[in-house]
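Shown next, in structure tokens, is the structure this report addresses.
The values are calculated or read from the model by the stated rules, or taken from the named source; none is laboratory data. This structure is a prediction, so every number in the text was calculated from the model and none was measured. Cβ coordinates were reconstructed from backbone atoms using ideal geometry, including for glycine residues, and neighbour counts include every protein chain displayed.
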Amino acid sequence: MRNEGSTASRFLGSLNRAGPQVASTPVARLSELVATGERTTISVSDSWGELSAEERIGDDKPDVTYRLDFAGGEGSANIRLVDDSSD
């Protein structure tokens, strides 16, 4: 995210996850002060590997969906696990 304003601004957002085995759960509350003209990156760790590989890999469907909500916008990303053992 980049602050294109004339003063420092605070980015506020929430990151939520759907799946596996949950309809929706909060992952992180995001808050970062961004200086004028600067860009920042916020990293978040999330562990959801409780399912066995047979339940997660090979069904061609997203295993989890992350949704980021913030003032003035939203975004989402679908994550699908694949078996790379054939490489």
Hey, SER31 on the phi < 0 side of the Ramachandran plot, modelled with pLDDT under 90 and hydroxyl-bearing (Ser, Thr, Tyr) or not: no
Whichever residue in region 1-23 is part of a loop (DSSP other than H, G, I, E, B) and closer than 30 Å to LYS61 by Cα and, among such residues, is modelled with the highest pLDDT: ALA23
Subset tally (residues that are over 14 Å from ARG2 (Cα atoms) and either surrounded by fewer than 12 Cβ atoms within 10 Å (Cβ to Cβ) or modelled with pLDDT of 75 or more (or both)) for region 34-62: 13
Hits in region 24-51 (condition: in a loop (DSSP other than H, G, I, E, B) and over 15 Å from the mean Cα position of the chain (by Cα)): ALA35, THR36, GLY37, GLU38, THR40, GLY49, GLU50, LEU51
